[in-house]
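For reference, the structure discussed in these notes is given below.
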């Protein structure tokens, strides 16, 4: 089995690319969904996040309001960087453990397969060495802002500001590209992205069968 990390900056199109790989036969898990499940009431990660960021981040039913948590971590306060580091320190180890368990299970059931973990912070979390290959998805800054605006239903200027704020907590695309085994440029049409995915998939499958 081949372990593959799929990453890229906010609104680069990672999830769409991940779905394309799944349609070709890949197994995929999203780190964001793992983190979401770990931050449900009763989970140890939930308890730690609430203890560090306060009950102000909670909805009336006790669940974590992700927007409020993002504001607490990525907001414009003077200690923004330390707050992001604090959140990552709580969440990342548990997410990585869950990813490892998932990949192990996939490997047992499908030895010659490709298991993809989609995550925004593979490099930032120091998790690159846990994978056999790294795929980075890129797009231009204007597309990134436009996609984020559409997804979050925000005015374009507000989306630009929010994207810039969140990207400040991530490595720039130029650094991610240096670390990548494959780069998928999602700046063009869907068909162009699909063709790149197909080409990468053929190489991944060839390597998976030899792994």
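Summary table below
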{"item": "Verdict on residue 183 being without any contact (Cβ under 8 Å) to a residue 60 or more places away in the chain, under 19 Å from residue 21 (Cβ atoms), touching a helix residue (DSSP H, G or I) at 6+ places or on another chain (Cβ under 7 Å) and assigned to a strand (DSSP E or B)", "result": "yes"}
{"item": "The stretch 178-189, residues that are at pLDDT below 95 and loosely packed, with under 14 Cβ neighbours inside 10 Å", "result": "188, 189"}
{"item": "One residue from 124, 142 being surrounded by fewer than 20 Cβ atoms within 10 Å (Cβ to Cβ), closer than 17 Å to residue 12 by Cβ and without any contact (Cβ under 8 Å) to a residue 12 or more places away in the chain", "result": "142"}
{"item": "Any hit, the stretch 146-158, residues being in contact (Cβ under 8 Å) with a residue 24 or more places away in the chain, surrounded by fewer than 19 Cβ atoms within 10 Å (Cβ to Cβ) and under 28 Å from residue 89 (Cα atoms)", "result": "yes"}
{"item": "Residue that is nearest to residue 84 (Cα to Cα) [pool: residues in the stretch 124-142 that are modelled with pLDDT under 90 and assigned to a helix (DSSP H, G or I)]", "result": "141"}
{"item": "Evaluation of residue 112 against (1) in contact (Cβ under 8 Å) with a residue 12 or more places away in the chain; (2) in a helix (DSSP H, G or I) (one fails), failing number", "result": "(2)"}
{"item": "Matching helices (runs of 4 or more DSSP H) fully within the stretch 1-77 where at least 3 residues are within 17 Å of the chain's Cα centre (by Cα) and modelled with pLDDT under 95", "result": "31-38, 66-74"}
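One line per residue, one yes/no per condition, for (1) closer than 17 Å to residue 13 by Cα; (2) in contact with a helix residue (DSSP H, G or I) (Cβ under 9 Å, 6 or more places away or on another chain); (3) surrounded by fewer than 19 Cβ atoms within 10 Å (Cβ to Cβ):
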site	(1), (2), (3)
100	no, yes, yes
166	yes, yes, yes
170	yes, yes, yes
199	no, no, yes
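The values are calculated or read from the model by the stated rules, or taken from the named source; none is laboratory data. Source: prediction; values computed, not measured. Glycine gets a Cβ as well: all are built from the backbone with ideal geometry, and neighbour counts include every protein chain shown.
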